[in-house]
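Okay, so here's the structure we're looking at.
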Amino acid sequence: MNSTQSLDILLSLLMFKEEEIFLSVLLWVFIVFLVLTVFLFLMAAFLRIKNKITSLYHKFLKKNWDAVILKIMYDEMHPYDGFKKLRRKHSLSYLFHIEEYIDLLKGKEKDRLMKLGRMSLKNIYKLLRSKDTGKQIYGIHFIGLFHPEEQYKFLMVNSRDMNMTMTAIKEMHAAKDIHIKEQLVRMLLTFPYISYIYISNLLVEMGPDIVPFLRQVIEKRHQYPHEQMIAIETVRRMKIHGCLDLGEKVLLGTEDPGVMACWCKYIEDQKDVHQLHLVIPLMEHEDPGVRTAATRAFLVMADKIDSEIIKKIFNDRSVMVAVNAYEILKGESANMPYLSVGSIEKLKWADIYKEIL
Amino acid sequence: MDILFKIVNVFNIIVLVYFTSLNIWYFLLNIIAYKGLKSYLVRLKVSSPNDKILINSAPPVTLLTPAFNESQNCVKSVKSQLKIQYPDMRILFINDGSTDDTLEKMISTFKMEPAFLPKVSKLKTQAVKQIYQSAIHPNLWLIDKVNGKKADALNVGINYCQTPLFCAIDNDSMLEPDSIARVVVPFIEDIRTIVSGGIIRIANGCTFENGHIKKVSLPKNILARFQVMEYLRAFYGGRLAWDRLDSSLIVSGAFGVFKHSIVVAAGGYLHETIGEDMELIVRLHRYCSDHNIPYKIRYLPDPIAWTEGPVTLKTLGKQRDRWQRGLLDSVLRHIKMLFNPKYKKVGMLAMPFYFIYEILGPFIELTGYLVFIVLLLIGAAGTSYIIAFLLVSIIMGMCLSVFSLVLEELSFHRYPKFSHMLNLIFVAIIENIGYRQMNSWWRIKGTWSFMRNNQSWY
């Protein structure tokens, strides 16, 4: 059989003219996957070469960028003049490069580079208008870096997209205008699935001028425990005393264990002995998290703790109550002359050990 | 004879349809993975590794490292764990009744002293003999216990874990310094997250310094090289896509972070199973769905754990045999979830996929080969059939492997040289001749020993 004959057979198989349909199907499957494989192989090779060339090109560009950025940073060149000298100043790589500097700087140097960065705003708005989600995220990121006040607009529009939301809220703490800040805080409180610790850390970065707003949340938003938890955690982390007077309102107005535990942590940190009477009943609460937090607050604030109370704490049905109590007592033992270290050790090994080992 | 030919023809068509559908499925999964990877890379680019707010919000984590007769690796692996950059991390090294000098080595190297650690949960386990704390690294603890296999050792770790999250890792896995910080991000971004896992890569051929990767290269051993390709395929094409579909059934036992409270509520790791990592994930899906608990199980492509792959046919065969038994056990134990709309995509998509393609796959593949051999022997099939079938099977496998390489090139391109890429493509071709068939054979053997109820692990 010569090659012309073989080709004829192959063609007739491909056109299902032969009786061997199974073989024809196999051939078609083979051809489809072969074409795909070759395409993918070429793509992999192309990507490898492209990455190599891009990284070399970036090395070259960075030399130009660094020279200009350093001059602007040290006030040897005006940002406007520097901007004109930059190559590829509308590229994403340039924006990421300048961000690296901004992240490391403070004060006037940072302000100068921020000015330079803001000159690329036209490009950033172009990214924001793009239909590609990835580009929009880059846009949100850079608008957050150079214009944090604008962030809340994107949150309002895109709060259902997790990636955009997280990118937007990350930078918003840098906003300076108090009205914008309040709007941002209001918005941040509405994300029920983001860790409340993360949100409160973001709020801490916004500074103490949001405290009056947080106070209102603690005082009035009993029906929204997640919001209250964030607000309490934030004032605790900011070490604000000004909200301590809300203790009764909070603890008597809520049934949410999370809120109770957060408040106990707050008064533990502030060592507010006036609220001891509110804490003691919570040591009997059915939720182990509340009992743990209340016990910690009690042990830190109480004037005198007798062995019977400690024994009761150590025999709590949740081991975490005992573990936390042990942690406090170990640290506080020097301040409790009426309770010898030996007796704590004895309790630990006798009661806890027996109970939990 | 005519009837026999018809039967054989029907069988051939079934095999072809089965494999084409399998490969189309994998192809679709790769496309889904591509989308997931693209969006993950954007997020990665805009997140700073020094994000102070994120670091301050990181929940405390306990690293659980079960070990049985790991005298060779234990010190090296704990030293590498001690270098992990994370704000609040404890390490619980669990000596599962080793008969070598694992315990002595740990005690002397890290100056371990008897200490008190409260037991916070009450999962049933073998007895704990002694607890130690390191005098030089206060966050390093050692629990010496009576042997009870890996699941039992992990349950002991869970019982003594006081942090809201724990990370289960294999003793021979090396974590990159920022792996834990990256893998916990889903827990911060969404409090419904109960599990988050990272990618496992083959460490053979790479150079390590002080327990951390220094130079990435391909292994010299051909079996290990096959595994590099397999892992890329499994983690990019498989797990990333299942994550995107909210239906991950596997988070590798070598590197996964879990929410402590939910694992305790679900009963911890199961003792009487061989694939305790997969079984736990399937059970968590089931537990959360049954109790109407909103949950998320996540897989991320860049927190990396490096692990040594087997380099001999015997050890590799044993590993694959064990994986197959684990898969069978996990799926059959929770067979109620199969095609059950109550379990949504997990019941209607992931479980059927694993059942039809991962469990039945090796049988159909090897039966297909056997039928071809018989047909060839009795002269009922021409060589053109055999060649065409072989070519189709090779090209399908190759296509998926090359797709994974594209995903690797698009994302982290950890294998730096161009020759690495060409080498992997060569591996993608030759693995289809011999290695793939061996794998099917090991998996059939695994199924057979599962039927005979063989649950040996170590």
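Readers should treat all values here as calculations from the given coordinates under stated rules, not as data from a laboratory. Keep in mind the model is a prediction, meaning the values are calculated, not measured. Every residue, glycine as well, gets a Cβ built from its backbone with ideal geometry; the counts of neighbours run over all protein chains shown.
Quick look at the values:
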{"item": "In nm, spacing of pseudo-spin labels at B:E272 and B:K111 (7 Å Cα→C-beta vector)", "result": "4.7 nm"}
{"item": "Rg to Rh quotient for region B:60-318, alpha carbon positions, Kirkwood Rh", "result": "0.94"}
{"item": "Chain A: relative contact order as a whole-number percent, Cα under 8 Å and 6+ apart", "result": "7 percent"}
{"item": "Mean ellipticity per residue at 222 nm, deg cm²/dmol - from DSSP H runs of n ≥ 4 across chain B, formula -39500 (n - 2.57)", "result": "-15500 deg cm²/dmol"}
{"item": "Amide proton proximity set for B:G256, modelled H, under 5 Å, gap of 5+", "result": "B:A168"}
{"item": "Two-site FRET efficiency, A:A67 against B:I24, from Cβ-Cβ distance with R₀ of 51 Å, rounded to 0.05", "result": "0.45"}
{"item": "Residue with peak Gaussian network fluctuation, chain A [Cα springs, cutoff 10 Å], from A:E268, A:E171, A:E76", "result": "A:E76"}
{"item": "Cut-off under 5 Å, modelled amide H: who pairs with B:N147 long-range", "result": "B:G97"}
{"item": "Extreme residue, positive dipole direction of the protein assembly as shown, given options A:L95, B:V406, A:Y266 (C-beta unit charges)", "result": "A:L95"}
{"item": "FRET efficiency, 1/(1 + (r/R0)^6) with R0 45 Å, evaluated for A:S307 and A:Y74 via beta carbons", "result": "0.10"}
{"item": "At q = 0.17, 0.25 Å⁻¹, base-10 log of I(q)/I(0) for region A:82-174 (Debye sum, equal scatterers on each alpha carbon)", "result": "-0.70, -1.35"}
{"item": "Rounded to 10°, Cα long-axis angle of helix B:222-232 versus longest principal axis of chain B", "result": "80 degrees"}
{"item": "Cβ charges +1 (Lys, Arg) and -1 (Asp, Glu), total dipole of region B:275-405, debye", "result": "420 debye"}
{"item": "Size of charge dipole - the protein assembly as shown - debye, nearest 20, with Cβ of Lys, Arg +1 and Asp, Glu -1, no other charges", "result": "1840 debye"}
{"item": "Residue pairs, from the table A:K122/A:K170; B:K52/B:K345; A:K126/B:K345; A:K85/B:K417, whose Cα atoms sit over 32 Å apart", "result": "B:K52/B:K345; A:K126/B:K345; A:K85/B:K417"}
{"item": "Calculated FRET value between B:F11 and B:I356, using beta carbons and R₀ = 22 Å, to 0.05", "result": "0.85"}
{"item": "Share antiparallel - DSSP beta bridges, the protein assembly as shown, percent rounded to 5", "result": "45 percent"}
{"item": "Low-density loop cleavage sites - chymotrypsin sites (Phe, Trp or Tyr not before Pro) in region B:63-171, where at most 16 other Cβ are within 10 Å (DSSP)", "result": "B:F116"}
{"item": "On Cα atoms only, tilt of B:383-410 relative to the major axis of chain B in degrees", "result": "30 degrees"}
{"item": "For q = 0.05, 0.07, 0.08 Å⁻¹, Debye-computed log10 I/I(0) when each Cα of the protein assembly as shown counts as one equal scatterer", "result": "-0.33, -0.64, -0.82"}
{"item": "Label-point separation in nm, A:D132 to A:I49, each point 7 Å along Cα→Cβ", "result": "2.1 nm"}
{"item": "At least 24 Å along the helix axis (C-alpha) and Kyte average at least -0.5, DSSP helices within chain A", "result": "A:21-73"}
{"item": "Hypothetical label at B:L376: residues of region B:420-438 whose amide nitrogen lies under 13 Å (7 Å Cα-Cβ projection)", "result": "B:434"}
{"item": "Unit charges on C-beta of K, R, D, E only; dipole of chain B, Debye", "result": "440 debye"}
{"item": "Positive-pole candidate from B:F355, B:H212, B:S247, dipole of the protein assembly as shown, charges at beta carbon", "result": "B:H212"}
{"item": "Chain lengthening between B:F339 and B:T367 when straightened (0.36 nm per residue, less Cα-Cα)", "result": "7.5 nm"}
{"item": "Between helix B:313-333 and chain B: long-axis angle, C-alpha atoms, 0 to 90°, nearest 10", "result": "90 degrees"}
{"item": "Unit charges at the beta carbon, dipole of the protein assembly as shown: most positive-side option, A:F39, B:S173, B:P310", "result": "A:F39"}
{"item": "Estimated inter-spin distance, A:Y125 and B:T312, nm [label 7 Å along Cα→Cβ]", "result": "7.0 nm"}
{"item": "Compactness relative to 2.2 N^0.38 Å, alpha carbon Rg of region A:218-309", "result": "1.01"}
{"item": "Share antiparallel - DSSP beta bridges, chain B, percent rounded to 5", "result": "45 percent"}
{"item": "Average partner coverage of B:176-186, which counts Cβ from other chains inside 10 Å", "result": "0"}
{"item": "Coarse-grained scattering of chain B at q = 0.08, 0.11, 0.14 Å⁻¹, given as base-10 log I(q)/I(0) from a Debye sum over alpha-carbon atoms", "result": "-0.48, -0.90, -1.46"}
